[in-house]
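Notes for the one structure printed next.
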Amino acid sequence: MTENPFYRLAPFIQEYIYRKGWKELRGIQVQAIPLILDTDQHLLITSGTASGKTEAALLPILTSLYFQPASSIGVLYIGPLKALINDQFERLQGLLEESDIPVQSWHGDVAQSKKQNFLKRAQGILQITPESMEAMLINRQTDLKRLFGDLRFVVLDEVHAFISSDRGRQVMCQLQRLARYQTRPVRRIGLSATLGEPDLAMSWLAGGTNTPVALIDDKQTRRDVQLGLEHFLIRSDEKQPGEKAESQETDEETSALTELDSTGDYGFPADILANGESLYRHVYQMCCNAHKTLIFANQRAEVEETAANLRALAAQNHTPDIYHVHHGSIAAPLREAAEAAMRSAEKPACVAATVTLELGIDIGQLDQVLQINATHSVSSFVQRLGRSGRRGTPARMFFYSREEEPDAKATLGERIPWNLLQTIAIIQLYIEEKWVEPPQIPYLPFSLLYHQTMSTLLAATELSPPQLAERILTLSPFSAVLPDYYQIFLRHLIQTKHLELTEIGTLIVGLEGEKIVNNYRFYATFEDERGVRVLAQSREIGTISSIPEVDTSIRLAGYTWRVITVDTEQKVVNVQRARGKSKTIWAGGGVEIHTRVIQGIHRVLQSETHYPYLLPQARKRLDQARSLTDSTGLVRESILLSAPNRYILLPWRGTRTVDTLELLLQHDGFAVSTHTPFYLEISKSPDTVEQVRKRLSKLANAIPEPSAIVEKLPGYELQKDKYDRFVPDSLLREAYIKDRLDLVQAAASLQEIVGK
């Protein structure tokens, strides 16, 4: 009996498992129990969504805490999203109700009274965001030993969301800064469903420690999956929901539909997937045919447009309004209402969301995931697919690929359905290879260097330059920052009055620095959009990025609102519900697409495979794309004439390589327009393809020095992250060369282009 890991768990956990009716522990849970209870190692657990990763970590951690209580907070759980922390908090409360272990969530939406009550006892589990942890390090300096002196475990949830971002590197800095106040080494437990290269993640997880990292990598997890993909050509005369649209279905398309069985190729009803009605009518019908639906779009504006159109269709068809919106600009009560609606078993619900619902929050028995356009990465596809298919049901995901109808003047590149091809390539990379993008870890994260320098100095009040350098340069994210770089950096901050050198030779925060650090927005390493608050009868709806005019209409939370009053000084607008057309007000951002995805697109175009999840219009559009690229030579040639003295270049590489190619071409005198990362167009070129090839060959054989490529870049192009504007340009150029140029692949790509 003692050999069964179940009997090693604390009594209250065994009782909880009995109450929940678990028949057995899952494989990763069985593996994790002895690793956590019998070793001193860090642990990385990577396994599919809904495979029990959280319990694999927490059941033995709580057992350890139960039998050997900590004198301070014993477990620090760091999550990337408030919604995820809220979800885990509710789950933990049920697990801990028969124990004497307190748990408290901690972020900007949690009442101060609850936080203060927890701090009085300062034991058990603290669930916190990186931003709230930063505030604690700065503002509770004298309490840190009492709060965390006997900390035993740190659980980092959704490691893949942290590892490639400044937020993740901020967390690593925080853990090392906390170590100054702890009596024993703290063990780190990382959890993730999607990791491209676990070895890199293990190295990251151990950052700043000498503790080895054990790995539980459950590659054997298999799930039933239902996939579907349909293509929609959006025409300029297409009717909006509520307006009668004429059928555009052809005889060929009707025939193709009759050949599908009643559930379609992958479990999606064929009768609602015919081309002819607008995309949103299809989405609406899919939602009507399911109890719980989660719709993902890549931008907030797309989310708002989707929800607004679904509500219009519901009103037209006299069906209930079951639609909710969930993204970072929606007020917390509305986001929480959306989460509650998805968890409620009684009523149907449909939530349109961005990445805010992509991570591990449990949103109940979800029937299906719908995706508007391609995900930006394989990792995102896997995460979103994993939202459904819990509790023994198949994971079910349907893609809608939108394409604006090309006009008569469209170039060859503009006539290719890149979004459809990207969707197929992403699906195939995971289905065929289980490949996921590896993390991108920068060598010179200077924005974070500014943030941690100012945070450390603010917490300590004053330090000598050697003391500050010792504290900062020993943090694992800055292992490649040379002392000479840091000396240049500190001198620049003194010159710009972000730091001040006192008469006795110590450093304190300067006048300009105080303007930055004395603001709650400083706690975040990401650019926190300073939104305009939108209120409806004193109830906050959310935020938009710019101030609208009075009597105009805006779209927010899936509704149309008429602007009644505007307070430009306080950045507040008051609105009331309205009807009719409206606009969304947010700025968009760029994304990086991996070379493997672009090369996957190339393979899709070269192949004759008809993938079983494609529905009729997607099949037809893929055939058209293959025919066009074959007849024009696009899949065989890397240089094609687009117009007189204008050529298309096809490197078949990812965003970083193509961006580097653009710089190389500009440095050589070409005029370049990018359609990153799919292709580039060059002008001011010789008269023939062969002459272009010769010029590119000369460039490929004489790649300029990196410093020459970036020396003329303006400051705003060097600034990528939040605090880069406070870093001297000389250092930003070094960071650009190390972290944003890909000269090796760009040179290889040029050689391939001229070789064809």
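Readers should treat all values here as calculations from the given coordinates under stated rules, not as data from a laboratory. Model, not experiment: these values are computed from the prediction. No Cβ is skipped: glycine too gets one built from the backbone with ideal geometry, and neighbour counts run over all protein chains shown.
Judged by the mean number of other Cβ atoms found within 10 Å, the most tightly packed of the peptides 346-356, 691-701 leads the ranking 346-356, 691-701.
Apply the a/c threshold of 1.5 to the C-alpha gyration tensor of region 5-217 and tell me whether it is rounded, prolate or oblate. Rounded shape, in that the Cα axes give a/c under 1.5. When you restrict to C-alpha pairs under 8 Å that are six or more residues apart and normalise by the size of region 5-217, the relative contact order lands at 29 percent.
Sorting 403-415, 377-389, 198-210 by their mean Cβ neighbour count within 10 Å, with the most densely packed peptide first, gives 377-389, 198-210, 403-415. For region 206-218, 3J(HN,Hα) computed residue by residue from phi via the Karplus equation (6.51, -1.76, 1.60; θ = phi - 60°) reads 7, x, x, 10, 9, 7, x, 10, 7, 10, 10, 10, 8 Hz, glycine and proline entered as x. Spatially, region 379-456 and region 489-531 are offset by 36 Å when compared through their Cα centroids.
Taken about its Cα centre, region 532-577 carries a charge dipole of roughly 220 debye when the Cβ of each Lys and Arg holds +1 and the Cβ of each Asp and Glu holds -1.
In order along region 556-561, the phi-based Karplus estimate (6.51 cos²θ - 1.76 cosθ + 1.60, θ = phi - 60°) of 3J(HN,Hα) comes to 7, 6, x, 10, 9, 10 Hz; Gly and Pro are listed as x. Given in Å, the Rg to one decimal and the Dmax to the nearest whole number for the Cα atoms of region 446-522 are 11.6, 32. The amide H of SER72, built 1.01 Å from its N in the peptide plane, has ASP150 as neighbours under 5 Å, considering only residues 5 or more places off or on other chains. For the chain, the relative contact order is 12 percent, taking Cα pairs closer than 8 Å that sit 6 or more residues apart in sequence and dividing their mean separation by the residue count. If only the Cβ of Lys and Arg carry +1 and only the Cβ of Asp and Glu carry -1, the dipole of region 446-522 around its Cα centre is close to 240 debye. Residues whose amide H falls under 5 Å from that of GLY542, counting only those 5 or more places apart or on a different chain, are ALA331, VAL534, with hydrogens built in the peptide plane. In order along region 150-162, the phi-based Karplus estimate (6.51 cos²θ - 1.76 cosθ + 1.60, θ = phi - 60°) of 3J(HN,Hα) comes to 10, 4, 9, 9, 10, 9, 9, 8, 6, 3, 4, 6, 8 Hz; Gly and Pro are listed as x.
Among SER697, TYR716, GLN745, whose Cα projects farthest towards the positive end of the dipole of region 696-756, with charges put on the beta-carbon of Lys, Arg (+1) and Asp, Glu (-1)? Among SER697, TYR716, GLN745, the one farthest towards the positive end of the dipole of region 696-756 is SER697. Would you please classify the overall shape of region 637-755 from the alpha carbon gyration tensor, given that a ≥ b ≥ c denote the square roots of the eigenvalues, rounded means a/c under 1.5, and beyond that prolate means a/b larger than b/c while oblate covers the rest? Here region 637-755 falls in the prolate category. Across q = 0.10 Å⁻¹, the chain modelled as identical point scatterers on its alpha-carbon atoms has Debye log10 I(q)/I(0) values of -1.19, in the order of the q list. Set the Cα radius of gyration of region 532-577 against 2.2 N^0.38 Å, with N its number of residues, and you get 0.96.
The residue list GLY108, ALA206, ILE17 was ranked by how far each Cα lies along the charge dipole of region 5-217 toward its positive end, using unit charges on Cβ atoms, and GLY108 comes out on top.
Of ALA524, GLY542, PRO477, which is farthest along the charge dipole of region 462-593 in the positive direction, counting Lys and Arg as +1 and Asp and Glu as -1 at C-beta? Selected residue: GLY542. Charge dipole (Cα centre; +1 on Lys/Arg Cβ, -1 on Asp/Glu Cβ; no other charges) of the chain amounts to roughly 1320 debye.
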